[in-house]
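Q: Dumping the structure here so I can ask a few things about it.
Where a number appears in this text, it was derived from the coordinates with a stated rule and is not lab data. Model, not experiment: these values are computed from the prediction. Here Cβ is always computed from backbone atoms with ideal geometry, including for glycine, and neighbour counts include all displayed protein chains.
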Amino acid sequence: NTMQKALAELEDEKLIYTERTNGKFVTCDEKLIKRIRDNLTKEKMDAFFSEMKKIGVNEIEMIEYLQEKLNK
């Protein structure tokens, strides 16, 4: 049941498609993949910044932390 819901959601988002007798396939639509990836990235970044502000981390500290992580 959970798998069917997940597959239905992926199909609704056009990330996979069904060919009746051949099964399900992942899209090759690079623009769609990029758009969905960009949306997910924005959501994650917004959540990150929101959580950091809640615990008192300012923008400069966030940038310093991100730079430190990227340099590892």
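Q: Give me the extension gain from residue 50 to residue 35: residue separation times 0.36 nm, minus the current Cα-Cα distance, reported in nm with one decimal.
A: Additional length available on full extension: 3.2 nm.
Q: Next question, about the same structure. What number results when the radius of gyration of the chain, computed over Cα atoms, is divided by 2.2 N^0.38 Å?
A: The value comes to 1.64.
Q: OK, next. Taking only C-alpha pairs under 8 Å that are 6+ residues apart, what is the relative contact order of the chain in percent?
A: 13
Q: FRET efficiency for residue 12 and residue 60, Cβ-Cβ distance as r, R0 = 35 Å, nearest 0.05?
A: For R0 = 35 Å, the calculated efficiency reads 0.30.
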